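> The structure that follows is given in the form of C-alpha cells.
We did not get these values from a lab; they are worked out from the coordinates using the rules stated. What you see is a predicted model, and the numbers here were worked out from it, not measured in a lab. Positions of Cβ are backbone-derived with ideal geometry, glycine not excepted, and every protein chain shown enters the neighbour counts.
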Amino acid sequence: MIPNNPKIALVHDWLTGMRGGEKVLEVLCELFPDATLFTLVHKKNSVSVKIEKMKIITSFLQQLPKSETKYQYYLPIMPIAIEKLNLENFDIIISSSHAVAKGVIKKNNAIHICYCHTPMRYIWDQYENYFGRNRAGYLVRTAMKLVRKHLQNWDIKSSNRVDYFIANSRNVQSRIKNIYNRQSHVIYPPVETKKFKVSEKAGDYFLVVSALVPYKRIDIAIEAFNELNEKLVIVGIGSEMEKLKKLAGKNIEFHGWVDENQLSEYYENCKALIFPGEEDFGIVPLEAMASGKPVIAFAKGGALETVVEGITGTFFHEQSKNSLIEAIKKFKTLHFEPLKIREHTLSFDRAVCKERLRAYINEITNIQL
C-alpha cells in the first residue's frame, strides 16, 4: 500500500552529460521535484539546471580514480555499486536505465517503475561494436570475455526487481520482451520541438549530430562522403574523434560540441541529416525534422518509428558505405516539404511525453501529480 505522501526516488545510471536519457530524466525531475536522485557517478554541472538542483546521492564509484571521465571502465563492478545504494526508505522508485539503474534493491512493498532506454547494449546486441577486435584493446577484450556472461545473467536476474517497465520505443519493447521476457508500455522520449524552427533553406552541407562512439557508425558516413567528395559537417565529441579525423577527407569538418542555439543553426542550414547508426530510439532525427529537414537513416531500430519514407526522409538498408551512397543519390531525386516534416514531429513533443508519463505513473501508483 502506497502512503498518501510517498517518498520517491529517481535512479539514473550516471550523470556526466546531457543526452536522450538525461532529457527523460529531466522530465521526471519536473514531475517529482522533491524526489531524491540516485546515480553511480555525478560530474557536477554536466547536466541541466533542473537535474543539478535535485538532491543527488552517488555510489562508491564516485570516489574511485577518474570515475567522472572513465566510468565505463568500471562496468564490471557497476552491478555491485547500484545494489549498494540504500533505497529502503522509499515507497516509489522510478529508474531511468540503459545500463544498471534498474538493478537497485527496493524494500518489499515499494513500487519500482523502470523507464528502459535499452537493455544494456554493451553486453547484448552492441557487444562487437564496443569490444570487437577493431574496437577495443587486447586487455579490455579479454576482461569483457571473462565478465560478459556474468553481466548478462545479472541483467536478466535484476529485471525481476522491476514491477513495471516503460519502453522508449516499440524497438526497445521488443528487446525487453526478448531478453527479459517482460511486458512493457511504450512512451516515446521528449523532443523539444519548440526549440527548433522550420527552415526552407538548404545549405551546402549534410550533417551528422552524434556522440563519436563506436556503435553510432560515423565511420560509414565518413567513408561515403570521402567517395562522394561532398561537404559533411560532424557535430559531437567522443572517444572515436581522433580515429575518425584520420579517416576523413578535407571535405569533412568536425565542429565538436555546440550549445543548443548553435545546434539549431546547424539543423536549419543543412541539406539533410545523416543517421548511420542503429539507435534504440533516436532523438536527433526528430530534432532535425522539427527544423523541417529530411533524414537519411539506416533502416533499423528506432529510426523505423520516426522517419517516414518519402515524407520525412529516406532509408539505406545495409550498414555500409555503398548502401549509404545509394540512399544519398536517391535523396537527391526526392522532394520534401519542410512544414509536413515538422508536423510529423509534434506527436513526439516534450509536452506529450510529460503528460503520458504523468498519466501512466498516476494509473500505477494512484498518486496524483
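> Give a residue-ordered list of calculated ³J(HN,Hα) values for region 304-319 (Karplus: 6.51 cos²θ - 1.76 cosθ + 1.60, θ = phi - 60°; whole Hz; x for Gly, Pro).
My calculation for region 304-319 gives 5, 9, 10, 9, 10, 3, x, 10, 10, x, 8, 10, 10, 10, 10, 7 Hz in order.
> If you don't mind, another one. What span do the alpha-carbon atoms of region 144-191 cover on each of the three principal axes, reported in whole Å from largest to smallest?
So the extents along the principal axes, rounded to whole Å, are 38, 23, 16.
> Give the long-range amide H neighbours of ILE166: residues separated by 5 or more places, or on another chain, with amide H under 5 Å away, using H modelled in the peptide plane at 1.01 Å from N.
The list, which skips near neighbours in sequence, is CYS114, TYR115, CYS116, HIS185.
> Still on this model: Would you please give the residues with an amide H less than 5 Å from that of TRP14, counting only those at least 5 places away or on a separate chain, with H modeled from the backbone geometry?
When sequence neighbours closer than 5 places are left aside, the close amide H contacts are LEU40.
> Using modelled amide H (1.01 Å from N, peptide plane; none on Pro or chain starts), what sits under 5 Å from the amide H of ILE57, excluding residues fewer than 5 places away?
Under 5 Å from the amide H of ILE57: LEU37, PHE38, THR39.
> Give the residue list of GluC sites (Glu not before Pro) in region 53-109 that are DSSP loop and have at most 15 other beta-carbon atoms within 10 angstrom. Each step should come with its number before you reach the end.
Values: sites: GLU68, GLU83, GLU88; in loops: GLU68, GLU88.
Filter output for region 53-109: GLU88.
> Given points 7 Å out from each Cα along the Cα-Cβ axis, report the ASP259 to LYS107 separation in nanometres with one decimal.
Spacing of the two 7 Å Cα→Cβ label points: 4.4 nm.
> Which of the listed residues, THR39, CYS353, PHE165, is farthest toward the dipole's positive end in the chain, when Lys, Arg count +1 and Asp, Glu count -1 at the beta-carbon?
THR39
> Tell me the GluC sites (Glu not before Pro) within region 200-264 that lie in a loop according to DSSP and have at most 13 other beta-carbon atoms within 10 Å.
Details: sites: GLU200, GLU223, GLU227, GLU230, GLU240, GLU242, GLU253, GLU260; in loops: GLU200, GLU230, GLU240.
Answer in residue order: GLU200.
> Of the trypsin sites (Lys or Arg not before Pro) in region 24-126, which ones lie in a loop per DSSP and count no more than 11 other C-beta atoms within 10 Å? Could you put the intermediate results ahead of the total?
Values: sites: LYS43, LYS44, LYS50, LYS53, LYS55, LYS66, LYS70, LYS84, LYS102, LYS106, LYS107, ARG121; in loops: LYS43, LYS44, LYS53, LYS66, LYS70, LYS84, LYS107, ARG121.
The qualifying sites are LYS44, LYS53, LYS66, LYS70, LYS107.
> Here's something else I'd like to know. Working from the pairwise distances between different alpha carbons, so that the mean of 1/r is found and then inverted, what is the chain's Kirkwood radius in Å? Before the final figure, lay out each step's value.
Working: mean 1/r = 0.0468 Å⁻¹.
Kirkwood radius, the chain: 21.4 Å.
> In terms of Cα to Cα distance under 15 Å, which aspartates and glutamates are near enough to LYS300, apart from those fewer than 8 places away along the same chain?
Qualifying aspartates and glutamates at Cα under 15 Å: ASP125, GLU278, GLU279, ASP280, GLU309, GLU318.
> Averaged over every viewing direction, what's the projected area of the C-alpha convex hull for region 193-347? Give it in nm², one decimal, please. Please report the intermediate quantities before stating the final value.
Working: hull surface 31.5 nm².
Computing the convex hull of the Cα atoms and averaging its projections yields 7.9 nm².
> Before rounding to the nearest 500, sum -39500 (n - 2.57) across all DSSP H runs of length at least 4 in the chain and divide by the residue total; then give [θ] at 222 nm in deg cm²/dmol. Please list the in-between numbers first.
Details: 14 runs with 134 residues, N = 369.
It lands at -10500 deg cm²/dmol.
> Quick one: 3J(HN,Hα) in Hz for region 255-262, Karplus 6.51/-1.76/1.60 with θ = phi - 60°, rounded, Gly and Pro as x.
10, x, 7, 9, 7, 4, 5, 5
> Counting only C-alpha contacts under 8 Å and six or more residues apart, can you give the relative contact order of region 193-347 as a whole percent?
Working: 326 pairs, mean separation 40.1, N = 155.
That works out to 26 percent.
> A further question follows. Give me the aspartates and glutamates in straight-line cross-link reach of LYS194: C-alpha distance below 20 Å, same-chain residues under 8 apart excluded.
GLU22, GLU26, GLU30, ASP259, GLU260, GLU265, GLU268, GLU287, GLU337, GLU343, ASP349, GLU355
> What lysines sit close enough to LYS201 to cross-link, taking a C-alpha to C-alpha distance under 21 Å and skipping anything fewer than 8 places away on the same chain?
Straight-distance partners of LYS201: LYS231, LYS271, LYS293, LYS329, LYS330, LYS332, LYS340.
> Hey, what angle do you get for helix 20-31 against the long axis of the chain, alpha-carbon based, 0 to 90 degrees rounded to 10?
That works out to roughly 50 degrees.
> Let me ask something additional. How large is the charge dipole for the chain, taken about the Cα centre, if only the Cβ atoms of Lys, Arg (+1) and Asp, Glu (-1) carry charge, to the nearest 20 debye?
Roughly 880 debye, rounded to the nearest 20.
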